[in-house]
């Protein structure tokens, strides 16, 4: 077997659950090949969230454009002994030929609202499920968490430092993108900088200080190479480290251009206050204080509220894994087959049948409520789902530069009613109302299904 | 810019935090290029965990074997304007030349114990930090969660169904591997099956049932293709679905070979009990009951305790994101440079200096305590860290088939004292004792550092 890490799973059509393939073979055998509409939505707002920032569409479209089964894939499937040659032949010739509508990345979304709507021959629409879910899930979870962190920082610089604790290298670069999209100023991840054109930042690690016999010597050496650097001061004793920065400034005089220090342990508010005083007394009021160390939106909000003189934060682990809400109950559901609306009745998992549209109503620059309706209804408000792919080809309007997505996300967050911007659950939550016609469709279909 | 999803981040040396590169350039400028030893360890057991299952070494070794900077990487770095040509030249010629010791994958580990120990020229050892951490972190978090799920299932079949909610496609395949390593019987992820040789399982989705006008017809069609299949019965009404399976068995007589049903909503214990009775009364005592729907180790333990007749579980989201403990405070610390032990004193983040070894003491087939000592001590117990790479070349002993790792993990879990196997925190936790010599080293170094 070759090295699994040589493979890029984002380019593998067999990144799919086995049942997608067994169902696909059954569809093929039964000639169930009429157009199907699947919608991606979540049923419930994750605990502690007031909104979700939609993200991941770019990866979905890129996946669909590349989607195909290789000979190697087919050989592997053949080895299972359950797939027929005619079906494997059919897989060999597949490309994605469907239409996709979607909510633009960076848009805030709420329960029951379709984020992505796929119309394609049933077999294609079914086979792409796993990766479409996987990407929108990951990226929306991360963008939502990052938006909260940025909101909590209330204008202070936020940088993603989470690569090492993100769930994999792929998640690491997508974390950087999602964070930037949601308002972070950049990332520590160099690959993400290279791939997405995101600004990349870095300071120094404890190991650098430790590799020198003397902390002050380490600081001095580092600023010789990087005069406008950020010095990490807590390797041995934070305030002693701060005093060493002051000493360095005295030594260097006009040549001292160190821009900031980083605090990475202890009581950050208290240490920041003391460091600020030490710097200000030494005439170093231009030296900024940057804090890291297990921060999340809750701790950042506390620091901000305490008035701690912190100018920026580097946010790692808890952002990287979206610690308090690491998942969304996102699902990809068949809502229409061959022109007929579909619904399931599984208890506790209600859903709305048929192809839908979301109409968003705003007033005085703030969004006030959404209407979930049939796709062909003419309801007040701005429709959120827009065409992004037709006949398997991405529309040019669906090639959105990351800067534009970031700008859109900023506007979206600015348009949120104040209670929704809070880190605490808003009561009442944002209103998603169901149109009368859609509600009537539910009842009609429920009666039909229950009479079966 | 090319499509970022075309890149495999596991094969990019620039999957690194920027500070690794700025520090590396400083090391280069200062000729700080003596051998350094870094150790990967976690300080605290994650909340609610009694052990961590080490995993990810295979990816680390594979990364180190492939590690190099491309011309493209260097062009990107050049564009930052902070890296000198001589330094970029040095990066261009780099390969990993170090030695690595590690705890075998599947081994249970505890706070302060090195999982991986890297000895290499300082610059190399520093530059690889981010990805080494990222992989051991992800895979150990997932393997630990999976081990708990498998333990809770108490012999019932466990299958990983988490690909769609794992944090990215890479995390999806690694979830499958980590789950299998920790005792799951397989995964739904076809790519993981292909890459790792893991058994792949699948049932059917609601969309298949919905694509048919009639649920019974859907069941019948599916079993024609896959006679020994598992039928999903909760699309409309679970018990009605169960009765349809019975009806199908009457229709088919001897030809009925359906192996199981899947319950995916509602009160699983109650529905399983009722379904079991219906099947048993119909003489279908061979039909197994498989449950899914937001399960984790806590709910599985409850189901098992309730005596619910559930034969197997498919575990998705909460396993995939390790919901209750999605991260480990894993770090990669310089412990020795140029033969001298190193330590930092940052408050709340204690660490032990110098190159270490873990000695594990067992009695009557159960592990009883670990001794953390200097690497050159002769202490009782079995040393856990073993050589896996020398001079940048992987040792043949470090090519371990996944089946052997899985067997090792099973033995490791069997050797845990009973209180540690519990889902609840064991009190006292497993004992990791520090040798007298290592303790003396800490004190000596602390005095030295504090006198600076």
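The values are calculated or read from the model by the stated rules, or taken from the named source; none is laboratory data. Remember, it's a predicted structure, so these values are computed and weren't measured experimentally. Cβ placement follows ideal geometry from the backbone for every residue including glycine, while neighbour counts extend to all protein chains displayed.
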Per the filter on the stretch A:150-175, residues touching a residue at least 24 places away in the same chain (Cβ under 8 Å) and in a helix (DSSP H, G or I) are A:150, A:151, A:152, A:153, A:170, A:171, A:172, A:174, A:175
Quiz item: Out of curiosity, is residue A:130 surrounded by fewer than 20 Cβ atoms within 10 Å (Cβ to Cβ) and either within 24 Å of residue A:338 (Cα to Cα) or under 19 Å from the mean Cα position of the chain (by Cα) (or both)?
Solution: no
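Which one of A:136, A:173 is surrounded by 24 or more Cβ atoms within 10 Å (Cβ to Cβ), at pLDDT 95 or above, closer than 29 Å to residue A:358 by Cβ and touching a helix residue (DSSP H, G or I) at 6+ places or on another chain (Cβ under 9 Å)?
Working: A:173 fails: closer than 29 Å to residue A:358 by Cβ.
Just one listed residue meets the conditions, A:136.
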Taking the stretch B:287-341 and keeping only residues that are away from chain A (no Cβ under 14 Å) and part of a loop (DSSP other than H, G, I, E, B), one is left with B:287, B:306, B:307, B:308, B:309, B:310, B:311
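May I ask you to verify whether residue B:58 is part of a helix (DSSP H, G or I), within 10 Å of another protein chain (Cβ to nearest Cβ) and touching a helix residue (DSSP H, G or I) at 6+ places or on another chain (Cβ under 9 Å)? Walk me through it before giving the result.
Working: part of a helix (DSSP H, G or I): yes; within 10 Å of another protein chain (Cβ to nearest Cβ): yes; touching a helix residue (DSSP H, G or I) at 6+ places or on another chain (Cβ under 9 Å): yes.
The answer is yes for residue B:58.
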Can you confirm whether residue B:140 is within 12 Å of chain A (Cβ to nearest Cβ), in a helix (DSSP H, G or I) and either closer than 20 Å to residue A:11 by Cα or under 14 Å from the mean Cα position of the chain (by Cα) (or both)? yes
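Any residue at all in the stretch B:34-47 that's over 30 Å from residue B:423 (Cβ atoms), touching a residue at least 40 places away in the same chain (Cβ under 8 Å) and surrounded by fewer than 24 Cβ atoms within 10 Å (Cβ to Cβ)? First the steps, then the outcome.
First, pick out the residues of the stretch B:34-47 that are over 30 Å from residue B:423 (Cβ atoms): B:34-38.
Now restrict to residues that are touching a residue at least 40 places away in the same chain (Cβ under 8 Å): B:34-38.
The next check asks that each one be surrounded by fewer than 24 Cβ atoms within 10 Å (Cβ to Cβ); those that pass are B:34-35.
Among the residues of the stretch B:34-47, at least one is over 30 Å from residue B:423 (Cβ atoms), touching a residue at least 40 places away in the same chain (Cβ under 8 Å) and surrounded by fewer than 24 Cβ atoms within 10 Å (Cβ to Cβ), which makes the answer yes.
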Going through the stretch B:280-297 in order, the residues found to be out of contact with any strand residue (DSSP E or B) (no Cβ under 8 Å at 6 or more places or on another chain) and either surrounded by fewer than 17 Cβ atoms within 10 Å (Cβ to Cβ) or more than 28 Å from residue A:134 (Cβ to Cβ) (or both) are B:280, B:281, B:282, B:283, B:284, B:285, B:286, B:294
Given the conditions (1) touching a residue at least 12 places away in the same chain (Cβ under 8 Å); (2) surrounded by fewer than 24 Cβ atoms within 10 Å (Cβ to Cβ); (3) in contact with a helix residue (DSSP H, G or I) (Cβ under 8 Å, 6 or more places away or on another chain), every one holds for residue B:124 apart from (3)
Return yes or no: is residue A:336 over 25 Å from residue A:182 (Cβ atoms) and either surrounded by fewer than 17 Cβ atoms within 10 Å (Cβ to Cβ) or over 22 Å from the mean Cα position of the chain (by Cα) (or both)?
-> yes
Inspect all residues belonging to the stretch B:313-332 and state whether any of them is over 30 Å from residue A:325 (Cβ atoms) and surrounded by fewer than 23 Cβ atoms within 10 Å (Cβ to Cβ).
no
For the stretch A:209-222, the count of residues that are in contact with a helix residue (DSSP H, G or I) (Cβ under 7 Å, 6 or more places away or on another chain) and buried (at least 21 other Cβ atoms within 10 Å of the Cβ) equals 6
In the stretch A:1-35, anything facing chain B (nearest Cβ under 7 Å) and in a strand (DSSP E or B) is listed as A:17
Inspect the stretch A:398-407 for any residue being surrounded by 16 or more Cβ atoms within 10 Å (Cβ to Cβ) and out of contact with any helix residue (DSSP H, G or I) (no Cβ under 9 Å at 6 or more places or on another chain) and give the result as yes or no. no
Among helices (runs of 4 or more DSSP H) completely within the stretch B:353-451, the ones holding 3 or more residues that are in the same structural domain as residue B:61 (by TED's automatic domain parsing) and over 29 Å from residue B:36 (Cα atoms) are B:402-414, B:418-421
Of A:125, A:147, the only residue that is part of a helix (DSSP H, G or I), away from chain B (no Cβ under 13 Å) and more than 30 Å from residue B:74 (Cα to Cα) is A:147
Filtering the stretch B:67-81 down to residues that are touching a helix residue (DSSP H, G or I) at 6+ places or on another chain (Cβ under 7 Å) and surrounded by fewer than 17 Cβ atoms within 10 Å (Cβ to Cβ) yields B:78
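If you check residue B:178 against the conditions, is it in a helix (DSSP H, G or I), more than 8 Å from chain A (Cβ to nearest Cβ) and farther than 30 Å from residue B:419 by Cβ? Write out each step before concluding.
Details: in a helix (DSSP H, G or I): yes; more than 8 Å from chain A (Cβ to nearest Cβ): yes; farther than 30 Å from residue B:419 by Cβ: no.
No, not satisfied.
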Among the residues of the stretch B:160-168, is any crowded, with 24+ Cβ neighbours inside 10 Å and either more than 8 Å from chain A (Cβ to nearest Cβ) or at pLDDT below 95 (or both)? yes
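Among the candidates B:68, B:41, which residue alone is assigned to a strand (DSSP E or B), away from chain A (no Cβ under 12 Å) and within 26 Å of the chain's Cα centre (by Cα)?
On the way: B:68 fails: assigned to a strand (DSSP E or B).
Residue meeting the stated conditions: B:41.
So, in the stretch B:71-112, how many residues would count as being within 13 Å of chain A (Cβ to nearest Cβ), part of a loop (DSSP other than H, G, I, E, B) and in contact (Cβ under 8 Å) with a residue 24 or more places away in the chain? Walk me through how you get there before you give the answer.
Just the residues of the stretch B:71-112 that are within 13 Å of chain A (Cβ to nearest Cβ), to begin with: B:71-84, B:86-87, B:91.
Then drop every residue that is not part of a loop (DSSP other than H, G, I, E, B), which leaves B:79-84.
Then drop every residue that is not in contact (Cβ under 8 Å) with a residue 24 or more places away in the chain, which leaves B:82-84.
The total comes to 3.
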Note on residue B:284: of the conditions (1) more than 30 Å from residue A:316 (Cα to Cα); (2) in the same structural domain as residue B:435 (by TED's automatic domain parsing); (3) part of a loop (DSSP other than H, G, I, E, B), unmet is (2)
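Can you tell me which of A:221, A:251, A:262 is under 32 Å from the mean Cα position of the chain (by Cα) and in the same structural domain as residue A:166 (by TED's automatic domain parsing)? Even if it seems obvious, please write down each step before you answer.
Details: A:221 fails: under 32 Å from the mean Cα position of the chain (by Cα); A:251 fails: under 32 Å from the mean Cα position of the chain (by Cα).
A:262 is the lone residue from the list that is under 32 Å from the mean Cα position of the chain (by Cα) and in the same structural domain as residue A:166 (by TED's automatic domain parsing).
Residues that are in contact with a strand residue (DSSP E or B) (Cβ under 7 Å, 6 or more places away or on another chain) and within 8 Å of chain A (Cβ to nearest Cβ): find the helices (runs of 4 or more DSSP H) completely inside the stretch B:181-277 holding 3 or more of those.
Values: elements: B:190-196, B:206-210, B:215-225, B:238-252.
Passing ranges, in order: B:206-210.
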